[in-house]
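The values are calculated or read from the model by the stated rules, or taken from the named source; none is laboratory data. Source: prediction; values computed, not measured. Positions of Cβ are backbone-derived with ideal geometry, glycine not excepted, and every protein chain shown enters the neighbour counts. In case anyone asks, the SASA skips ligands and DNA or RNA and just uses the protein heavy atoms, side chains included. Shrake-Rupley method; radii C 1.70, N 1.55, O 1.52, S 1.80 Å.
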Amino acid sequence: MMSKIIVAGEYRENELRNVSLEAIAAAKQWEPSSEVVAVLLGNGVQDHAQKMFQYGADRAILLESPTFSRVTAEAYTQALLQVIESEQPKGIILGHTSLGKEIAPRLAGRLNAGLLSDVTSIEGEGKDAQFVRPIYSGKAFEKRQAKTEKVFVTIRPNNIELLPLDPLRSGDISTHTVELTDLRVTIKEVVRKAATGVDLSEAKVVVSGGRGIKGEEGLALLQQLADALGGAVGASRGACDAGYCDYALQIGQTGKVVTPDLYIACGISGAIQHVAGMSNSKTIVAINKDPEANIFSIADYGIVGDLFEVVPILIEEFNKIVVS
Ligand code: FAD
């Protein structure tokens, strides 16, 4: 019998998260001949299922519930348990997002299944597949194999390459009404703190500011650079502690982990706890007035200078390229 892998689709503000598409590619790498079943919780999410088909999913299950309005981890856990019990997949892949980090261990614990978390690549396939994940704040990588019959995997956003888009691809969608019982928590209201725009953890370009940005005006300058590059703004804890920006922007060991194609660190010294959240970025550019700053030791390109002089020049030049 063909093995099955469930990919839990996650969306925010009606936008399917890229990591859910990367999870489909991960499923096909792990078990190339498996059936990939996309599971989405929420009412009216057919468009997300279609997108998941176009990126390689074979079938979709939409879970609807009249009692649910916003996804809580508890509701997701209950709903996914019901699908897992009826589908009996070999693997369940989720994004290593706040939601994925909360749900995967709950489910794995309840089902006595293995859990491989924060996976950045998969080597080999089938039962020989090895799941690569960073350890010691990104200083080393380990390869793990799971021995249980069912395995949960969470994948780090921006690491596994998408399967090619096939706009003509489609699949069967079935809709199930799920019973959500005895929910201990329901969300009444969501008050957004962080700025809207490009999602930091999935951004291809991140412009990050440290204590060197000196205040909110410095942050606004970085936002202009991020806008010119279609990216998102991040920050060091130094900048957050100084009150220049919200902690939602913090990157590092106790903040978000990002893996963009381009990371521009402005006025950040490069403390080990910050580096833990960005060292896997594909290209790192550092702008710092101190030539001895540690950030230069991990940067691909370094600019020694005052960020208030360098960043405006970059904004002007990038805007020229985009316009022309
Ligand atoms: P600083 O170290 O003060 O560096 C500021 C830099 O800006 C300097 O290098 C300076 O040369 C440069 N600069 C100043 N003015 C300019 C200018 N005009 N132009 C160019 N450059 C300029 N930190 C994180 O970032 N993320 C975390 O998740 C995190 N978690 C932590 C967890 C623990 C348990 C602990 C103990 C610490 C943690 N930290 C974290 C804090 C970390 O140790 C550093 O204190 C912090 O990263 C420093 O922030 P910074 O680089 O912005 O500030």
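Please work out which residue is modelled with the lowest pLDDT, limiting yourself to segment 208-238 and to residues that are more than 9 Å from the ligand (Cβ to nearest atom) and over 17 Å from Leu314 (Cβ atoms).
My answer is Glu216.
Just one of the numbered conditions (1) on the phi > 0 side of the Ramachandran plot; (2) assigned to a strand (DSSP E or B) is not true of Val7; which one?
So the condition that Val7 fails would be (1).
From Gly255, Gly277, Gly267, grab the single residue that is closer than 26 Å to Ile135 by Cα, open to solvent by 10 Å² or more (accessible area, probe 1.4 Å) and in contact (Cβ under 8 Å) with a residue 12 or more places away in the chain. Spell out how you get there, then give the answer.
Details: Gly277 fails: open to solvent by 10 Å² or more (accessible area, probe 1.4 Å); Gly267 fails: closer than 26 Å to Ile135 by Cα.
That would be Gly255, the only listed residue that is closer than 26 Å to Ile135 by Cα, open to solvent by 10 Å² or more (accessible area, probe 1.4 Å) and in contact (Cβ under 8 Å) with a residue 12 or more places away in the chain.
Any idea which residue in segment 304-324 is modelled with the lowest pLDDT, counting only those that are more than 8 Å from the ligand (Cβ to nearest atom), open to solvent by 20 Å² or more (accessible area, probe 1.4 Å) and within 14 Å of Val207 (Cα to Cα)?
Going through the qualifying residues, I end up with Phe318.
Yes or no: Asp261 touching a helix residue (DSSP H, G or I) at 6+ places or on another chain (Cβ under 8 Å), in contact (Cβ under 8 Å) with a residue 12 or more places away in the chain, of a type in the set (D, E, K, R) and away from the ligand (no atom under 13 Å from the Cβ)? Spell out how you get there, then give the answer.
On the way: touching a helix residue (DSSP H, G or I) at 6+ places or on another chain (Cβ under 8 Å): no; in contact (Cβ under 8 Å) with a residue 12 or more places away in the chain: yes; of a type in the set (D, E, K, R): yes; away from the ligand (no atom under 13 Å from the Cβ): yes.
No; evaluated as a whole, the condition is false for this residue.
Output the residues belonging to segment 31-47 that are of a type outside the set (Gly, Ala, Ser) and either open to solvent by 10 Å² or more (accessible area, probe 1.4 Å) or in a loop (DSSP other than H, G, I, E, B) (or both). Step through it out loud before you land on a result.
Initial filter on segment 31-47 (of a type outside the set (Gly, Ala, Ser)): 31-32, 35-37, 39-41, 43, 45-47.
Residues satisfying the conditions are Glu31, Pro32, Glu35, Asn43, Val45, Gln46, Asp47.
Among the strands (runs of 3 or more DSSP E) lying completely within segment 55-161, list those that include at least 1 residues that are under 30 Å from Ile187 (Cα atoms).
Details: elements: 59-64, 91-95, 114-119, 121-123, 130-135, 140-144, 151-155.
So the answer is 59-64, 91-95, 114-119, 151-155.
If I go through segment 10-21 residue by residue, how many of them are open to solvent by less than 20 Å² (accessible area, probe 1.4 Å) and part of a strand (DSSP E or B)?
1
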